[in-house]
Amino acid sequence: MKNIKPRIIRLLREGYCAPQIARLAHATMEPAATIHYNIRKLEKEGAIKTYKAVFDHQKIEEGFCAYVLLGLTPLSHSEPRANPDEIADSIARNREVESVDIVAGDWEFIVKVRTRSQEEYFGFLKKLLGKEKGVKRSCSIVSLKQAKAEFISTSTKQSGM
C-alpha cells in the first residue's frame, strides 16, 4: 500500500477538513439544516476562516517546536525601515512556520516553528536570518511540552472524542 500520509497531512493543514454537522446538531439539539445554514453564514461573513486538523506532532515527525522572537533594525535617517507586514508574509511562506504574529514591545515578531529536530531548526533559523532583510536580532525559546493546542488538551486523558 502507498504511503500517502505526508500528502494527507499537507492537505489537512491547508484546510481540507469539514465540520461534523450531525455531531453539532446532536450537541445543540437543533436540526442539521439549521446548523448547516448557520455555518455557511459564518463562513460567508469571514468569521470562520478554515477548518483544520490538530496533530500530535510527535507522530508526524514534527516534534521540535520553538518560538522565535525577531527584532527589526532600528529606524535610521539614511535607511528606511523594513515593512513588518511584508516581512511577516515572507516568513509565513516557510513550511516550517506554524504562525507569525506582529507584536508590540521589545520584539517585532513572534514566530512559531515546527521541525523534526533541533538540527533542522538550526538550519531553518540560519536560512531565515540570512534571507530576511531588516531583521537584526533573534531569540529562540524551545517548547519542552505542549499542554494545550487549538483548544484541545494534549494530556494523556482524553474525553470521549
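The values are calculated or read from the model by the stated rules, or taken from the named source; none is laboratory data. This structure is a prediction, so every number in the text was calculated from the model and none was measured. Reconstructed Cβ throughout: ideal geometry from the backbone, glycine too, with neighbour counts over all protein chains shown.
The residue that is farthest from residue 149 (Cα to Cα), among those in segment 36-57 that are touching a residue at least 24 places away in the same chain (Cβ under 8 Å) and among the hydrophobic types (A, V, I, L, M, F, W, C), is 53.
Among the conditions (1) at pLDDT 90 or above; (2) farther than 30 Å from residue 51 by Cβ, the only one that residue 88 does not satisfy is (2). For segment 104-117, state whether one or more residues are at pLDDT 90 or above, exposed (fewer than 13 other Cβ atoms within 10 Å of the Cβ) and touching a Phe, Trp or Tyr at 6+ places or on another chain (Cβ under 9 Å). Scanning segment 104-117, I find at least one residue that is at pLDDT 90 or above, exposed (fewer than 13 other Cβ atoms within 10 Å of the Cβ) and touching a Phe, Trp or Tyr at 6+ places or on another chain (Cβ under 9 Å), so the answer is yes. In summary, residue 35 fulfils each of the numbered conditions (1) modelled with pLDDT under 75; (2) farther than 20 Å from residue 141 by Cβ with the single exception of condition (1). Scanning segment 120-146 for residues that are at pLDDT 80 or above and of a type in the set (Gly, Ala, Ser) returns 123, 130, 138, 140, 143.
Return yes or no: is residue 23 without any contact (Cβ under 8 Å) to a residue 60 or more places away in the chain, closer than 29 Å to residue 130 by Cα and of a type outside the set (Asp, Glu)? No.
Flag: residue 33 does not match the condition of being loosely packed, with under 12 Cβ neighbours inside 10 Å, touching a residue at least 24 places away in the same chain (Cβ under 8 Å) and either aliphatic (A, V, I, L, M) or touching a helix residue (DSSP H, G or I) at 6+ places or on another chain (Cβ under 6 Å) (or both).
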